[in-house]
Amino acid sequence: MKKCAMVLSIMMIAVLVSGCGNKKAVMPQELPALAREFKGMQGGPAKIELAKKIQTLLPTCMRIGSDGQLAKNDVGNPTYVLKLPELFSLLGQPAESGADFCAYNLGKGEKAEFFLLVNIYDDYVSSVSIDAGK
């Protein structure tokens with residue numbers, strides 16, 4: 001029984017340290033400064049590169065398995081909670097939005113227009129990707 005309790009304790013510590021499902025986790029410190037730079041920037045390759053950095057700092061609900069593949073999209077447990085008003089305060093108003101997404105135009109890359117696509121669940125950011133438009 002003691003061995004089982006010890007294993008359970010170790011598993012709980014691993015979950016807490018990793019931040020998965022930790023709604024008390026906070027926004028990364030560098031995000032506001034990068035967001036200010038993003039808001040003031042014209043579209044193009046430099047903004048696309050900056051959006052890639054910002055993408056890694058915004059919350060996600062994606063869980064990656066031990067094989068490196070997407071295990072599941074656990075929308076109820078983001079890495080930290082970022083509500084829509086906070087997102088808009090950071091990045092400004094999106095170029096497009098719908099009930100479950102908003103898109104920030106990043107400008108033209110080599111061959112296409114790029115967007116920072118923010119997926120929304122229950123009024124908070126659930127995942128972020130950079131997508132090429134037409």
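The values are calculated or read from the model by the stated rules, or taken from the named source; none is laboratory data. Quantities reported herein were computed from a predicted structural model and do not represent experimental measurements. Backbone-built Cβ (ideal geometry, glycine too); neighbour counts: all protein chains shown.
What to note about this one:
- Qualifying positions in the stretch 89-121 - in a loop (DSSP other than H, G, I, E, B) and within 15 Å of the chain's Cα centre (by Cα): D100
- When each of P78, P28 is tested for being modelled with pLDDT of 90 or more, closer than 23 Å to I120 by Cβ and not in a helix (DSSP H, G or I), the lone residue that passes is P28.
- Flag if A33 is modelled with pLDDT of 95 or more and surrounded by 13 or more Cβ atoms within 10 Å (Cβ to Cβ): no
- Options E96, E110: the member that is modelled with pLDDT of 90 or more, farther than 17 Å from L57 by Cα and not hydroxyl-bearing (S, T, Y): E96
- Verdict on K3 being over 17 Å from K83 (Cα atoms) and at pLDDT 80 or above: no
- Subset of the stretch 98-134 that is polar (S, T, N, Q) and in contact (Cβ under 8 Å) with a residue 24 or more places away in the chain - its residue that is surrounded by the most Cβ atoms within 10 Å (Cβ to Cβ): S126
- Some residue of the stretch 51-68 being under 12 Å from the mean Cα position of the chain (by Cα), at pLDDT below 95 and surrounded by fewer than 13 Cβ atoms within 10 Å (Cβ to Cβ): yes
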